[in-house]
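*Asks:* Here's a structure for you.
The values are calculated or read from the model by the stated rules, or taken from the named source; none is laboratory data. Since we're looking at a predicted model, the values are computed, not measured. With ideal geometry, Cβ positions are generated from the backbone for all residues, glycine too; neighbour counts draw on all protein chains shown.
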């Protein structure tokens, strides 16, 4: 079974209302989808993100010529080569080839991976909380209300892009809306140092519905994360931009976090992503995948989480959300 054709679909969408996080407000979203078809007619889809012109040039001039005619069963070898060129395209190609291999065997992706532990995986609604204008908090609350009405029982909002005072005012309004009945995670996008993060201590530690505080510090400051974890009795999470399973080892071995948040789009291959989840289990640390940037990415994160062994024996809390 050989790779016969690769069709590309660069997608650009200008947002009707700009939104963002501590890294800035975004006016558009992009994704790069492609479809691989084999000489037997089996199709598989992949997805990656980066600057669209760069991705498109790379696919047309290098990746498509390299992959065309190659055996699908050499997936690991092909992905390993692509890692050296562009790590995110390696992930996307591994998605497409995984789908093709599963279809060729008459299996689901989960069955290809050895079977699933569960039929359902909990999910949370993730928000880019900031928007242009003075009414950003009002807009944020309206979006959260829509998600709660739609049935989400946990959400994640952004902090770190405004002053601590303004962000805390927003979070208090959110908690008033949620009435502490909906799970809440806070994502600072690596905005603080230890002293700034500790300004949240009194507020956060009194809330029973707080799930975790995500990336309050730059992810490279492992000793500081360990120190913060010893002083802030709120679960810490992070790692969405880490590219390889082995790069999580310093965080895991020094017990710097309670959750890791690997992203299928950012790690160099779906197999590498699954290895990261298993690595967390071996260290006794939970894993809640980050999957904001693409629908196909979220699908593979759900597949992987369905196949991940439980972290707990508690029937109502055996697997982390996506």
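*Asks:* Looking at residue 40, is it more than 20 Å from the chain's Cα centre (by Cα), at pLDDT 95 or above and either exposed (fewer than 15 other Cβ atoms within 10 Å of the Cβ) or closer than 24 Å to residue 83 by Cβ (or both)? Explain how you work it out, then say what you get.
*Replies:* Details: more than 20 Å from the chain's Cα centre (by Cα): yes; at pLDDT 95 or above: yes; either exposed (fewer than 15 other Cβ atoms within 10 Å of the Cβ) or closer than 24 Å to residue 83 by Cβ (or both): yes.
The answer is yes for residue 40.
*Asks:* What single numbered condition from (1) surrounded by 17 or more Cβ atoms within 10 Å (Cβ to Cβ); (2) in a loop (DSSP other than H, G, I, E, B); (3) in contact with a helix residue (DSSP H, G or I) (Cβ under 8 Å, 6 or more places away or on another chain) fails to hold for residue 192?
*Replies:* (3)
*Asks:* What are the residues in the stretch 155-171 that are surrounded by fewer than 18 Cβ atoms within 10 Å (Cβ to Cβ) and not in a helix (DSSP H, G or I), if any?
*Replies:* Filtering the stretch 155-171 down to residues surrounded by fewer than 18 Cβ atoms within 10 Å (Cβ to Cβ) leaves 163-166, 168-169.
Residue satisfying the conditions is 163 alone.
*Asks:* Another question about this same structure. Would you confirm, using the coordinates I've provided, whether residue 186 is surrounded by 15 or more Cβ atoms within 10 Å (Cβ to Cβ), in contact with a helix residue (DSSP H, G or I) (Cβ under 6 Å, 6 or more places away or on another chain) and free of Cβ contacts under 8 Å to residues at least 40 places away in the same chain? Even if it seems obvious, please write down each step before you answer.
*Replies:* Numbers: surrounded by 15 or more Cβ atoms within 10 Å (Cβ to Cβ): yes; in contact with a helix residue (DSSP H, G or I) (Cβ under 6 Å, 6 or more places away or on another chain): no; free of Cβ contacts under 8 Å to residues at least 40 places away in the same chain: yes.
So residue 186 does not fit the description; no.
*Asks:* Just to check your reading of the model, which residue among 288, 297 is in contact with a strand residue (DSSP E or B) (Cβ under 7 Å, 6 or more places away or on another chain), buried (at least 16 other Cβ atoms within 10 Å of the Cβ) and either over 15 Å from residue 213 (Cα atoms) or not assigned by TED's automatic domain parsing to the domain that holds residue 189 (or both)? Even if it seems obvious, please write down each step before you answer.
*Replies:* Numbers: 288 fails: either over 15 Å from residue 213 (Cα atoms) or not assigned by TED's automatic domain parsing to the domain that holds residue 189 (or both).
Going through 288, 297 in turn, the sole match is 297.
*Asks:* Of all residues being surrounded by fewer than 20 Cβ atoms within 10 Å (Cβ to Cβ) and touching a strand residue (DSSP E or B) at 6+ places or on another chain (Cβ under 7 Å) in the stretch 306-322, which is farthest from residue 279 (Cα to Cα)? Just the residue, please.
*Replies:* Here the residue is 321.
*Asks:* Restricting attention to the stretch 291-322, which residues are closer than 17 Å to residue 152 by Cα and in contact (Cβ under 8 Å) with a residue 24 or more places away in the chain? Steps first, answer last, please.
*Replies:* Within the stretch 291-322, the subset closer than 17 Å to residue 152 by Cα is 291-292, 298, 302, 316-317, 319-322.
If the condition is that a residue be closer than 17 Å to residue 152 by Cα and in contact (Cβ under 8 Å) with a residue 24 or more places away in the chain, then 291, 292, 298, 302, 319, 320, 321, 322 are the ones that fit.
*Asks:* If you don't mind, another one. So how many residues does the stretch 251-271 have that are in contact (Cβ under 8 Å) with a residue 60 or more places away in the chain, part of a helix (DSSP H, G or I) and either under 12 Å from the mean Cα position of the chain (by Cα) or farther than 16 Å from residue 322 by Cα (or both)? Let's see the steps before the verdict.
*Replies:* We begin by selecting, within the stretch 251-271, every residue in contact (Cβ under 8 Å) with a residue 60 or more places away in the chain; these are 259, 264-271.
After this cut, where a residue has to be part of a helix (DSSP H, G or I) as well, the list is 270-271.
After this cut, where a residue has to be either under 12 Å from the mean Cα position of the chain (by Cα) or farther than 16 Å from residue 322 by Cα (or both) as well, the list is 271.
Adding up the residues that qualify gives 1.
*Asks:* Checking the condition surrounded by 16 or more Cβ atoms within 10 Å (Cβ to Cβ) and modelled with pLDDT under 95, which residue from 206, 243 passes?
*Replies:* Numbers: 206 fails: surrounded by 16 or more Cβ atoms within 10 Å (Cβ to Cβ).
Going through 206, 243 in turn, just one is surrounded by 16 or more Cβ atoms within 10 Å (Cβ to Cβ) and modelled with pLDDT under 95: 243.
*Asks:* Would you mind finding the one in 267, 260 that is buried (at least 18 other Cβ atoms within 10 Å of the Cβ) and in contact with a strand residue (DSSP E or B) (Cβ under 6 Å, 6 or more places away or on another chain)?
*Replies:* Numbers: 267 fails: in contact with a strand residue (DSSP E or B) (Cβ under 6 Å, 6 or more places away or on another chain).
Only one candidate qualifies: 260.
*Asks:* Collect the residues in the stretch 225-239 that are buried (at least 17 other Cβ atoms within 10 Å of the Cβ) and farther than 29 Å from residue 176 by Cα, keeping them in residue-number order.
*Replies:* If the condition is that a residue be buried (at least 17 other Cβ atoms within 10 Å of the Cβ) and farther than 29 Å from residue 176 by Cα, then 225, 239 are the ones that fit.
*Asks:* Return yes when residue 14 is surrounded by fewer than 17 Cβ atoms within 10 Å (Cβ to Cβ) and in contact with a strand residue (DSSP E or B) (Cβ under 7 Å, 6 or more places away or on another chain) and no when it is not. Walk me through how you get there before you give the answer.
*Replies:* Values: surrounded by fewer than 17 Cβ atoms within 10 Å (Cβ to Cβ): yes; in contact with a strand residue (DSSP E or B) (Cβ under 7 Å, 6 or more places away or on another chain): yes.
Judged against the criteria, residue 14 is a match.
*Asks:* Next question, about the same structure. Considering the stretch 2-37 alone, what residues qualify as being within 18 Å of residue 63 (Cβ to Cβ) and within 19 Å of the chain's Cα centre (by Cα)? Explain how you work it out, then say what you get.
*Replies:* Going through the stretch 2-37, the residues within 18 Å of residue 63 (Cβ to Cβ) turn out to be 2-11, 30-37.
30, 31, 32, 33, listed by residue number.
*Asks:* Within the stretch 111-132, which residues are within 30 Å of residue 22 (Cα to Cα) and in a loop (DSSP other than H, G, I, E, B)? Write out each step before concluding.
*Replies:* So in the stretch 111-132, the residues within 30 Å of residue 22 (Cα to Cα) come out as 121-132.
Hits for the stretch 111-132 are 121, 122, 123, 124, 127, 128, 129, 132.
*Asks:* Which ranges mark the strands (runs of 3 or more DSSP E) fully within the stretch 1-102 that have 1 or more residues being in contact (Cβ under 8 Å) with a residue 60 or more places away in the chain and farther than 23 Å from residue 298 by Cβ? Outline the logic, then answer.
*Replies:* Numbers: elements: 3-21, 24-38, 43-48.
Answer list for the stretch 1-102: 3-21, 24-38.
*Asks:* Just give me the residues in the stretch 128-146 being without any contact (Cβ under 8 Å) to a residue 60 or more places away in the chain and closer than 20 Å to residue 167 by Cα, in sequence order. Spell out the reasoning first.
*Replies:* Looking only at the stretch 128-146, we keep the residues that are without any contact (Cβ under 8 Å) to a residue 60 or more places away in the chain, and these are 133-138, 140-146.
133, 134, 135, 136, 137, 138, 140, 141, 142, 143, 144, 145 - these are the residues of the stretch 128-146 that are without any contact (Cβ under 8 Å) to a residue 60 or more places away in the chain and closer than 20 Å to residue 167 by Cα.
*Asks:* Could you please find all residues in the stretch 241-250 being under 18 Å from the mean Cα position of the chain (by Cα), in a helix (DSSP H, G or I) and more than 20 Å from residue 188 (Cα to Cα)?
*Replies:* Of the residues in the stretch 241-250, the ones under 18 Å from the mean Cα position of the chain (by Cα) are 241-248.
Subset that is in a helix (DSSP H, G or I): 245-248.
Once the filter is applied, which keeps residues that are under 18 Å from the mean Cα position of the chain (by Cα), in a helix (DSSP H, G or I) and more than 20 Å from residue 188 (Cα to Cα), the stretch 241-250 yields 245, 246, 247.
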